[in-house]
């Protein structure tokens, strides 16, 4: 039983990081109706900048720079590439971001090479022990940061002018712009925030107990996609729940690999997608996604 | 009369190319042809039926492994080919109920799950798939003539020895021609138009008496059969298949082929497939002579990275400037000439 | 007008195509013949050049490895060429990137196969699998940059040392004789999906069977970078040691998580599981405490003649680079093997592909000066050429981060192991 609890806790904390990345996806989708496949490489960029600069700028300086870089690149993607074709359909926009992702990822993996870059986090490999369960300090901090950011986002969406502007822009762009909402500004802010979220997620994904920034980190961000899908593309709470579920599923399937071996081994990469498929069968728009209403 | 002359000339050129092309080009062409067949299927599914699917690599794998398994068990190659295509079609039909419930981008990403599931099965069901070691693919043969380096052991045409690659070229050309012909007919036919209505509005189609569920299932079945056939040709082109060839990267590649070519267009899909498949291979081939590229083994940007860059840039460029893909460009060019 | 023009052009083209067929002489790099010094030559060998093909991964998952490997290969052949080459001929290296993509590899092979006498390096078991039918029918030798026995028996393949399963058997032997693992204990094995990990698992299962050990398996893929769940499973099973057959990122995570969960057990890894970079990660202390590497390739701290020569030459040619056991050192060793085969073929006056292959199979005690453990015996294509392995411990002071523990050794169990 204690193994289950320990795995569950570990999974929830990992899930918190996925939630951050998923939240970035959802923010962009809510604001601009784009599925941002480039989120993975923006994440890698943020982590890479931190990995390369923490020696000279110190950890916190590097983090600031990493977040800024990621936010800036995300913003540029929107301003330069997405804005001209904002009215295009979903598939087109998604594949456009895929093209960007390929460009960015190729260059970053070329730069990183075989390196395993440490992010220089001050909490290093410290461990926290609560009631006999040991959790890496970096994961606890990640969980805390995620909780704060999620709450902040929820508040922003609901209560601030900007949040309302964003929601109305997503619901009905034309009316919104007629009412004076600057769509491009809303979009830019959304993308920049998504970039920042990606960088923060990347920081925690490459901290202990992971090894560091490697070429393979972009693939890890791919795991956030099932989280977004099963939570519902346009629901921030869905992103959070989805992230947590995926984190738990990943860790549990790894931990119980022996018991589950009749299903084959190496379930860790497949399990999130299977869970996603199962959820979609029951709720085709994700757990919290808004049902598409077909108007005749 | 001139039309017949053109067709005849094209026919002669296609028949004669293996005499001239070296093995690198023949090999590249075979891979491209396999991709073309599969891409046509996906283009029909996305462009005509309006179903976004990222699972194409999964059905291609079924075709490839299906042929390898059947032919390996002693089934005659032609029957094994048909069997593999049918298997892929059945799998597509089995997936269509999910397509019925899930729509749009959710469908696209759900279908991505199939690819990962497929990888898992290919790696773990070692009895059938050989796991990570892969399986050898029996050469194709028809009435005793084998599309390999044997049976006949030496076949010389116009001074050129015809080995496996040269012989497979003809099989590939025939299969691609069939695929294109069937696809074009399908688009113009009644079922094709029903599918187009389905894509534009499911409600309108239903109101007009189109059996939505049946047509969706049919669309997936046909598209997966195309994928299966592409898979068989791919297996033959390789000679030995491994699970890694049928993963996430391939699925994305197919989507890119369709987008670059123009969804819904048969010719466009073929052009897109040719571009995506041949680009990295050709750039690699010429990497020695292109001035800007670093030699393999030194630092800097090599041919492969360069081709990835071009690949990514092409996607971005097409979507920004030529949203209907190459087919759209061709259509516009034709209109301008007529006007 | 236009379609008639197209038609006429097409017909003309067709006639041209039919007329200048490529003919039977696809091979440009030296056809069959006998050169002035009465050495029989075949494709890939002319009167003054011998051409070797190299198919590394320079842009895919293993790109950094591939670049390092080419450094090692170029290092060896440049020196050899300066010293006069082989058989009075200069060695030319033709490189094609496979991108770790079987499709690209097959096309790349088609491109250079006509010009080369053999393949000096091919990385990736799936690549070798895809190429083997053609390599066998073209009759050339292939240096496999990998150490899996699943590819055996293979007439045309040369491995630099022994294979992962043997390494795993040696690892178990080391754990039992030096690290206090006893019969009836449980050990964990964390391994990659694919030829590398699953081949190692074969070895560990064999050794476990012999010594009544229980193995807890944990299969992962390169995308798995967080070993929390796996360590938890190991801890629950009460493992006394962990075998590791994956890559450096997973190693750092494993060691770090194990330390944090107070799972203080030795970890023994196959060769590819180490890079000195790991000493810069937060897991460095945990690695220094508990991490060992068993491999055919020498750790860079070994004081043997071959390794030290490699290091000196490498530093001179690549002042800014970092030598690596599985990258540049491996390719260097592969070149040593190719060199020995080509030199023997020259002595036999037969520089055809078959001649080189026969020469390779006649080598029964090739001494690489320590770059590969022990001597190499290529006479039996159904067994790996090597028998011995290096055992090393992580040490921050040693060059390359690994300090060899004694001379290369062989576990007694390994002798009874059946390949396939």
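Taking the range C:145-159 as the range and being in contact with a strand residue (DSSP E or B) (Cβ under 6 Å, 6 or more places away or on another chain) and over 20 Å from residue C:201 (Cα atoms) as the test, the residues that pass are C:156, C:157, C:158. Among the conditions (1) in contact with a helix residue (DSSP H, G or I) (Cβ under 8 Å, 6 or more places away or on another chain); (2) touching a residue at least 24 places away in the same chain (Cβ under 8 Å); (3) in a helix (DSSP H, G or I), the only one that residue A:53 does not satisfy is (2). In the set (1) without any contact (Cβ under 8 Å) to a residue 24 or more places away in the chain; (2) within 21 Å of the chain's Cα centre (by Cα), the condition left unmet by residue B:3 is number (2). Within the range C:212-242, the residues that satisfy the criterion of being in contact (Cβ under 8 Å) with a residue 60 or more places away in the chain and more than 7 Å from chain A (Cβ to nearest Cβ) are C:240, C:241. Being out of contact with any strand residue (DSSP E or B) (no Cβ under 7 Å at 6 or more places or on another chain) and buried (at least 18 other Cβ atoms within 10 Å of the Cβ) is a description that does not apply to residue A:178.
Of the numbered criteria (1) surrounded by 20 or more Cβ atoms within 10 Å (Cβ to Cβ); (2) away from chain A (no Cβ under 14 Å); (3) in a helix (DSSP H, G or I), the one residue B:116 fails is (2).
Checking the conditions here, which among A:46, A:11, A:40, A:15 is crowded, with 24+ Cβ neighbours inside 10 Å and within 10 Å of another protein chain (Cβ to nearest Cβ)?
On the way: A:46 fails: within 10 Å of another protein chain (Cβ to nearest Cβ); A:40 fails: within 10 Å of another protein chain (Cβ to nearest Cβ); A:15 fails: within 10 Å of another protein chain (Cβ to nearest Cβ).
Result: A:11 is the single residue among A:46, A:11, A:40, A:15 that is crowded, with 24+ Cβ neighbours inside 10 Å and within 10 Å of another protein chain (Cβ to nearest Cβ).
May I ask you to verify whether residue A:81 is farther than 19 Å from residue B:317 by Cα and within 12 Å of another protein chain (Cβ to nearest Cβ)? Here the answer is no, as residue A:81 does not meet what is asked.
Restricting the first member to the range B:128-143 and to residues that are over 16 Å from residue B:172 (Cα atoms) and within 8 Å of chain C (Cβ to nearest Cβ), and the second to residues that are modelled with pLDDT of 85 or more and assigned to a strand (DSSP E or B), the beta-carbon pairs closer than 7 Å and six or more apart or on different chains are B:134/B:240; B:134/B:241; B:136/B:240. If you filter the range C:124-153 down to residues that are in contact (Cβ under 8 Å) with a residue 60 or more places away in the chain and closer than 21 Å to residue C:342 by Cα, you find that the one that is surrounded by the fewest Cβ atoms within 10 Å (Cβ to Cβ) is C:139. Residues that are at pLDDT below 90 and assigned to a helix (DSSP H, G or I) within the range B:46-60 comprise B:46, B:47, B:48, listed in sequence order.
Taking the criterion of being surrounded by fewer than 24 Cβ atoms within 10 Å (Cβ to Cβ), at pLDDT 90 or above, in contact with a strand residue (DSSP E or B) (Cβ under 9 Å, 6 or more places away or on another chain) and within 25 Å of residue A:271 (Cβ to Cβ), would at least one residue in the range C:258-271 satisfy it? Yes, some residue in the range C:258-271 is surrounded by fewer than 24 Cβ atoms within 10 Å (Cβ to Cβ), at pLDDT 90 or above, in contact with a strand residue (DSSP E or B) (Cβ under 9 Å, 6 or more places away or on another chain) and within 25 Å of residue A:271 (Cβ to Cβ). Counting residues in the range A:201-223 that are in contact (Cβ under 8 Å) with a residue 60 or more places away in the chain, part of a helix (DSSP H, G or I) and surrounded by fewer than 21 Cβ atoms within 10 Å (Cβ to Cβ) gives one or more. Scanning the range C:143-202 for residues that are outside any helix (DSSP H, G or I), within 12 Å of the chain's Cα centre (by Cα) and within 16 Å of residue C:272 (Cα to Cα) returns C:144, C:145, C:146, C:147, C:148, C:159, C:160, C:161, C:162, C:163. Consider residue B:160 carefully, then state whether it is exposed (fewer than 14 other Cβ atoms within 10 Å of the Cβ), farther than 28 Å from residue B:92 by Cα, over 19 Å from the mean Cα position of the chain (by Cα) and at the interface with another protein chain (Cβ under 10 Å from one of its Cβ atoms). So residue B:160 fails the test. Of the residues in the range B:32-41, none is part of a helix (DSSP H, G or I) and at the interface with chain C (Cβ under 9 Å from one of its Cβ atoms). Checking A:61, A:91, A:40, A:46 one by one, the residue that is touching a helix residue (DSSP H, G or I) at 6+ places or on another chain (Cβ under 8 Å), assigned to a helix (DSSP H, G or I), without any contact (Cβ under 8 Å) to a residue 12 or more places away in the chain and closer than 26 Å to residue A:153 by Cβ is A:61 and no other.
The values are calculated or read from the model by the stated rules, or taken from the named source; none is laboratory data. Quantities reported herein were computed from a predicted structural model and do not represent experimental measurements. Cβ: placed from backbone, ideal geometry, glycine included. Neighbour counts: every protein chain shown.
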